[in-house]
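Visitor: Let me give you the structure first, and then I'll get to my questions.
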Amino acid sequence: MISVAALQFPLGGEITLDDRLHLIRHRPDFVCLPEYFFVRPTDQHYADGDGRIGEQIETLARLSRDLSCVVIGGTMAHPIDGGYANIATVFNRGVEIGSYQKMNPYGREETRGIIPGNEFKIFEVEGVRLGVLICADVLQPDSFAGMAEMAADVIVVPTVSPYREGDTVFEKDRRDVSIFVSGAQRAMAFVVKTCGVGTIFGGRLQGRSGIYAPWGILQRVPPNEESKKQILFEYLDIAEIREFRQMMSREALDSPPIPAVPEIAQHASR
């Protein structure tokens, strides 16, 4: 059993002493921050943060060390040849253990110079197989399938979501189920989505962080609180998700083969 904390925080803000004390009281094993967590409201481009990357990495390392936990850092745009890489870095008790580069830049990311990564990654940490996807990665069908092939136990998804004028509760519910519950089912893993609030490059954001399992929504931010700073805490049973994967694998092996397409077509035409 592990405890996870999803920090739905304003971009460019800080993790205050009160925030740290709140986290210490809950003693999370994994702390997850939003995509582009360190982008300030006054920034106009990724280049505005180039000189702060070292400081930001140290902030995440120190948080991981102070809380004696795993921190999946809010992503940062790292300068690379030809542009920028949107990278999430993982720290365990103050030590950097690896990073993942977003594979599916979305919207204005590509026009702003974000270059896609080329591989999924799993991090073995504290006895847990941790996967990381970043925001629009979840919109690609092969992302959760890739996590399933690598036997991820928990998938953390740092995210920023543009504000949608007129977005209905029905549509929000539909997306949560069709993307994140379905993704958890495809990956046979827990999914922790952590959203940023506030603005990025002048554009308004909406939150709705959530924690999902293959059997449904475990917890999420209500639609009327999408602009609020808050922390979701949840216990995840790693033994349970592994048993679930084994059971589903056995069921797949025991299931009869799916009829060939011509046979289905013949029955449909009768």
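Computed from the coordinates by the stated procedures, all read-outs in this text should not be read as laboratory data. The shown structure was predicted, so the numbers you read here are calculated from the model rather than taken from an experiment. Here the Cβ positions follow ideal geometry from the backbone for every residue, glycine too, while neighbour counts run over all protein chains shown.
Visitor: Compare the Cα positions of Ile15, Gly98, Ala77 along the charge dipole of the chain (+1 at Cβ of Lys, Arg; -1 at Cβ of Asp, Glu; about the Cα centre) and return the one farthest towards the positive end.
Guide: With unit charges placed on the Cβ atoms, the residue in question is Ile15.
Visitor: Further question on the same structure: Assuming R0 = 51 Å, what is the FRET efficiency of Asp19 and Met248, from their Cβ-Cβ distance, to the nearest 0.05? Mind showing how you got there, number by number?
Guide: Values: r = 38 Å, r/R0 = 0.74.
Efficiency, rounded to the nearest 0.05: 0.85.
Visitor: Still on this structure, I have one more. Among Gly73, Gly54, Gly216, which one shows the biggest mean-square fluctuation in a GNM of the chain, springs joining Cα atoms closer than 10 Å?
Guide: Evaluated over the chain, the most mobile residue of the options is Gly54.
Visitor: Compute, for the chain, the length of the dipole vector about the Cα centre, with Cβ point charges of +1 (Lys, Arg) and -1 (Asp, Glu) only. Units Debye, rounded to 20. Walk me through the numbers before you get to the answer.
Guide: Working: 28 positive and 36 negative charges, 80 e Å.
Its charge dipole is roughly 380 debye.
Visitor: Moving on to the next point. Can you put Ser209, Ser64 in order of Cβ neighbours within 10 angstrom, beginning with the fewest? Each step should come with its number before you reach the end.
Guide: On the way: Ser209 27, Ser64 23.
Arranged by neighbour count, lowest to highest, Ser209, Ser64 become Ser64, Ser209.
Visitor: Separate question: May I ask for the net charge around Ala239, where only other residues with Cβ less than 15 Å from the Cβ of Ala239 are counted and Lys, Arg are +1 while Asp, Glu are -1? All intermediate terms of the calculation are to be shown ahead of the outcome.
Guide: Values: positive: Arg129, Arg242, Arg245; negative: Asp29, Glu126, Asp153, Asp237, Glu240, Glu243.
So the surrounding residues net to -3.
Visitor: Would you work out the relative contact order for the range 36-152, in percent, from Cα pairs under 8 angstrom that are 6 or more residues apart?
Guide: 18
Visitor: Sticking with this structure for a sec: Using amide H atoms built 1.01 Å from N in the peptide plane, name the residues 5+ places from Ala5, or on other chains, whose amide H lies under 5 Å from its own.
Guide: Those lying under 5 Å, H to H, from Ala5 are Phe30, Val31, Cys32.
Visitor: Let me ask something else. Given the options Gln56, Gln185, Gln246, which has the most mean-square fluctuation in a GNM of the chain, springs set between C-alpha atoms less than 10 angstrom apart?
Guide: Maximum fluctuation in the GNM of the chain, among the listed residues, is at Gln246.
Visitor: Further question: On full extension of the chain, what length is gained from His26 through Ala239, given 0.36 nm per residue of separation minus the C-alpha to C-alpha distance? Walk me through the intermediate numbers first.
Guide: Working: separation 213, 0.36 × 213 = 76.68 nm, distance 2.13 nm.
In short, 74.5 nm is gained.
Visitor: Ranking request for peptides 21-27, 84-90: highest mean number of other beta-carbon atoms within 10 Å first, then the rest in descending order.
Guide: Details: 21-27: 12.4, 84-90: 22.9.
Peptide ranking by packing, descending: 84-90, 21-27.
Visitor: Tell me the mean residue ellipticity at 222 nm calculated for the chain from its helices only (DSSP H runs of n ≥ 4, each -39500 (n - 2.57), averaged over every residue, nearest 500). Before the final figure, lay out the partial values.
Guide: Details: 8 runs with 77 residues, N = 270.
Counting only the DSSP helices, I get -8500 deg cm²/dmol.
Visitor: Taking other Cβ within 10 Å of each residue's Cβ, how do Phe144, Phe30 sort, fewest first? Each step should come with its number before you reach the end.
Guide: Numbers: Phe144 26, Phe30 23.
Lowest count first: Phe30, Phe144.
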